[in-house]
Amino acid sequence: MTEQTIQSHDVKLADLFQAFYAVPDYQREFVWETDEVEQLLNDINAELGGGDALTAPEYFIGSVVVCPGADGVMDLIDGQQRMTTLFVTLCAVRDRVRVLGSDPPGAIDNQIAAVSTDALGRDHFRYRLELQYEDSGDVLVDIAEANIDGNTPSTRSIANIINAYNTALRFLTREFDDNIDAIRAFYGYLTNKVKLIRIQTENVAKALKIFETINDRGVGLDSMDLLKNLLFMKANREDFQHLKEVWKEMQDTIFSIREKPLRFLRYFIMSRYDLSTSTGADRGVLREDEIYTWLSRNEELCGYGNDPVGFARELLSTARLYRNFLRGKDEAGDKHRFLENLQLLGGQAARQHLILLLAGRHLSDNLFSKLALEVEDLFFVYVITRSNTRDFERNFANWAGEVRQVEDEAALDRIIEKRFVPAKSGLSTRFDEALAGFYGDALQFYRLKYVLAKLTQHIELQAYGENESTKWLSRFTGGGFDVEHIYPQTPCEAAKMEFGSFADENVTQRLGNLVLVEEPINRSLGNREYSYKQGVYGQSQLLLVRALVERPAVGVRTQIDRAVADLDPFPEWNEGAISKRQDGLATLARSVWHVPPPRAA
């Protein structure tokens, strides 16, 4: 007779927590947050319905997958989130009943911890659930021992587990108040009528395969978790420790920049592989819910089947690059001029440009800088014209394959002429309209400062050339400079009289009324009138500020003369002057972001 290698039983919680479980150290951390914990407890309570637990129907909440571990403990391969939540809920019931001055239900302590005896007759005190991954620390032990006062979370997993326990306590307090009998009834229903299917296999390989089958479409897990499981399925057991370390470092790298793991994984795939010829891609772009399906269909293309550890290392190296690029640094971790610009433009949310930058990771320093500059220019054009995010994400994904093939400057120039120039030219008219109608309060402040800093820096570069003082945009966006409203937002009476009447109620926010100045100058100007400010503007070191009141004269046909030749000074300041200056800055912006004329129909 063939020995049965897969066993499945429906078990109630009272029986489930008569065994001992360990979450192996290669498993993912505890990620459930308040919503998931609340949902589980509310669903169970809704099934009880406030009625008699004896007559209430049984309630099925899913499955867990286990295999034999060491010393009679079962390795929990799938179901950690649910099992951990149930375990801390048992602890919360115990602690809530004690707070109300009563003894907890008699069976609950044995469901939290017990003594087991090994084959040599030795006793071992164990908790029913043990978390073996490092990020969990001893937090589950502390909760089991009712000793979490003053426990400061040091990892995301610890914070989530403590939050799950506190969420369960809040649930019990909110739903049952001080009614001990109601809490006992909920506990009785939880342990006797709530059921799971426990699937047990003979070894971890089979357990991982079942894990994948159960979660084939991402039910309860996301593509990142499924990919991790897939790599462990393909790896040799002796490689588990190394694979676990590489995966953890990759996850920590992503977490350090507060990035969504699935967005990183999407951009990794779109930057690395030609999706237009692979299986399961939509015109070069993947949705988050398609990631795992695509990976499972393209094992040969990705190479994780033959070398899962190597694939994980590639993910790690890309995560490090991703982190550096977002922080404005190059592969070595050094400041990079154009990457820093993209950081200042993109802020904390924009990431689409990383697809092309990751695709160009192989380029020489000069070619990569050239690519980054082109990406910055186009990205700003997309932002200022309010182009649809999905549209330019699709463009970047579709162009990534061409960027991966670049080997010399001529090849890069061909891509620029084929892709970047037409894209900017196609938005040229909208670019002009956006700058002509630009209001500072319609844009995030960090982007407003980016715009003013780029305009200011451009004149400085034209006049003085590239040096340490002019080439870093962060010098102008940093703390030493402020956004100055030439006509104040809250003008004094003299300023109102001098400025005169105006039709645009939001005139103070127009681009023509804004300039970047040194902090001391900004503080000294306050809400004063323009005739007073003129004398102060002349003391600025920035040519774009000084050009408000005079055209700097340092010789005939010098570099500085040429830089400010198109900047007319303004003897008076009114609504007409703001419009005229805004038109001039809109023209200047074409040069700053290298926007060509509109393409012919």
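The values are calculated or read from the model by the stated rules, or taken from the named source; none is laboratory data. Note that the coordinates shown come from a computational prediction; the quantities given were computed from them, not determined experimentally. FYI the Cβ positions are ideal-geometry reconstructions off the backbone, even for glycines, and counts take in every protein chain you see.
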request  = Would you tally the residues in the range 487-520 being under 20 Å from Phe445 (Cα atoms) and surrounded by 14 or more Cβ atoms within 10 Å (Cβ to Cβ)?
outcome  = 14
request  = Could you tell me whether any residue of the range 289-304 is in the same structural domain as Phe232 (by TED's automatic domain parsing), in contact with a His (Cβ under 7 Å, 6 or more places away or on another chain) and touching a residue at least 24 places away in the same chain (Cβ under 8 Å)?
outcome  = no
key: Test: Lys260 is over 24 Å from Leu356 (Cβ atoms) and among the charged types (D, E, K, R)   = no
query = For the subset of the range 302-324 comprising residues that are among the aromatic types (Phe, Trp, Tyr) and modelled with pLDDT of 95 or more, which member is farthest from His362 (Cα to Cα)?
reply = Phe311
inquiry  = Can you tell me which condition Gln444 does not meet? The list is (1) of a type in the set (S, T, N, Q); (2) crowded, with 16+ Cβ neighbours inside 10 Å; (3) closer than 25 Å to Gly347 by Cβ, and all the others hold.
reply    = (2)
request  = Pairs only if they're at least six apart or on different chains, beta carbon under 6 angstrom, first in the range 357-377 and touching a residue at least 12 places away in the same chain (Cβ under 8 Å) and more than 18 Å from Ser317 (Cβ to Cβ), second crowded, with 16+ Cβ neighbours inside 10 Å and polar (S, T, N, Q); list them, first residue then second.
outcome  = Glu376/Asn341
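Go through the range 418-448 and give me each residue that's basic (Lys, Arg) and touching a Phe, Trp or Tyr at 6+ places or on another chain (Cβ under 8 Å).
Once the filter is applied, which keeps residues that are basic (Lys, Arg) and touching a Phe, Trp or Tyr at 6+ places or on another chain (Cβ under 8 Å), the range 418-448 yields Arg419, Lys424.
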key: Filtered residue count, the range 118-140, keeping only those that are surrounded by fewer than 16 Cβ atoms within 10 Å (Cβ to Cβ), of a type outside the set (Asp, Glu) and more than 30 Å from the chain's Cα centre (by Cα)   = 6
key: Test: residue in the range 530-550 that is within 29 Å of Gly465 (Cβ to Cβ), at pLDDT 90 or above, assigned to a helix (DSSP H, G or I) and of a type in the set (Val, Ile, Thr)   = yes
ask   = When both residues are 6+ apart or on different chains and their Cβ atoms are under 6 Å apart, which pairs have a first residue that lies in the range 470-493 and is touching a residue at least 24 places away in the same chain (Cβ under 8 Å) and more than 13 Å from Leu514 (Cα to Cα), and a second that is of a type in the set (S, T, N, Q) and surrounded by fewer than 19 Cβ atoms within 10 Å (Cβ to Cβ)?
value = Thr490/Asn527; Pro491/Asn527; Cys492/Asn527
task = Please indicate, with yes or no, whether at least one residue in the range 91-103 is farther than 20 Å from Ile148 by Cβ, buried (at least 16 other Cβ atoms within 10 Å of the Cβ) and in the same structural domain as Phe171 (by TED's automatic domain parsing).
result = no
ask   = Does the range 464-483 hold any residues that are among the acidic types (Asp, Glu) and surrounded by fewer than 16 Cβ atoms within 10 Å (Cβ to Cβ), and which are they?
value = Glu466, Glu468
ask   = Does Glu33 satisfy being within 22 Å of Ala164 (Cα to Cα), acidic (Asp, Glu), under 31 Å from the mean Cα position of the chain (by Cα) and in the same structural domain as Leu131 (by TED's automatic domain parsing)?
value = yes
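Can Glu300 be described as touching a Gly at 6+ places or on another chain (Cβ under 9 Å), assigned to a helix (DSSP H, G or I) and not hydrophobic (A, V, I, L, M, F, W, C)?
no
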All positions within the range 514-532 that are out of contact with any helix residue (DSSP H, G or I) (no Cβ under 7 Å at 6 or more places or on another chain) and under 20 Å from Asn574 (Cβ atoms) = Gly526, Tyr532
inquiry  = Taking the criterion of being within 39 Å of the chain's Cα centre (by Cα), under 17 Å from Tyr165 (Cβ atoms) and not acidic (Asp, Glu), would at least one residue in the range 48-59 satisfy it?
reply    = no
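I'm trying to understand the selection: among the residues of the range 99-109, which are without any contact (Cβ under 8 Å) to a residue 24 or more places away in the chain and under 44 Å from the mean Cα position of the chain (by Cα)?
Initially, the range 99-109 is screened for residues without any contact (Cβ under 8 Å) to a residue 24 or more places away in the chain, giving 99, 101, 103-104, 106, 109.
Of everything in the range 99-109, those that are without any contact (Cβ under 8 Å) to a residue 24 or more places away in the chain and under 44 Å from the mean Cα position of the chain (by Cα) turn out to be Val99, Pro104, Asp109.
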key: Matching entry among Gly347, Gly310, Gly333 (being surrounded by fewer than 17 Cβ atoms within 10 Å (Cβ to Cβ) and under 21 Å from His242 (Cα atoms))   = Gly310
message = Tell me whether the range 131-144 contains one or more residues that are in contact with a Lys or Arg (Cβ under 9 Å, 6 or more places away or on another chain), modelled with pLDDT of 85 or more, closer than 26 Å to Arg184 by Cα and in the same structural domain as Thr167 (by TED's automatic domain parsing).
response = yes
inquiry  = Which pairs turn up if I take residues in the range 113-131 that are farther than 23 Å from Ile77 by Cβ and look for partners that are among the aromatic types (Phe, Trp, Tyr) with beta carbon separation below 9 Å, at least 6 apart in sequence or on another chain?
reply    = Val115/Phe125
Pairs, first free of Cβ contacts under 8 Å to residues at least 24 places away in the same chain in the range 496-513, second assigned to a loop (DSSP other than H, G, I, E, B) and exposed (fewer than 13 other Cβ atoms within 10 Å of the Cβ), C-beta under 7 Å, six or more apart = Thr508/Gln489
task = Take the residues in the range 234-261 that are of a type in the set (A, V, I, L, M, F, W, C) and surrounded by fewer than 18 Cβ atoms within 10 Å (Cβ to Cβ), then tell me which one is farthest from Ala350 (Cα to Cα).
result = Phe240
task = Out of the residues in the range 148-162 that are in a helix (DSSP H, G or I) and touching a helix residue (DSSP H, G or I) at 6+ places or on another chain (Cβ under 6 Å), state the one that is nearest to Val37 (Cα to Cα).
result = Ile161
query = Just one of the numbered conditions (1) buried (at least 17 other Cβ atoms within 10 Å of the Cβ); (2) assigned by TED's automatic domain parsing to the domain that holds Ala400; (3) of a type outside the set (S, T, N, Q) is not true of Tyr450; which one?
reply = (2)
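Within the range 54-76, can one find any residue that is within 26 Å of Asp252 (Cα to Cα), surrounded by 16 or more Cβ atoms within 10 Å (Cβ to Cβ) and of a type outside the set (A, V, I, L, M, F, W, C)?
Taking every residue of the range 54-76 in turn, at least one turns out to be within 26 Å of Asp252 (Cα to Cα), surrounded by 16 or more Cβ atoms within 10 Å (Cβ to Cβ) and of a type outside the set (A, V, I, L, M, F, W, C).
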query = For residues in the range 163-183 being of a type in the set (Asp, Glu) and in a helix (DSSP H, G or I), which is nearest to Leu40 (Cα to Cα)?
reply = Glu175
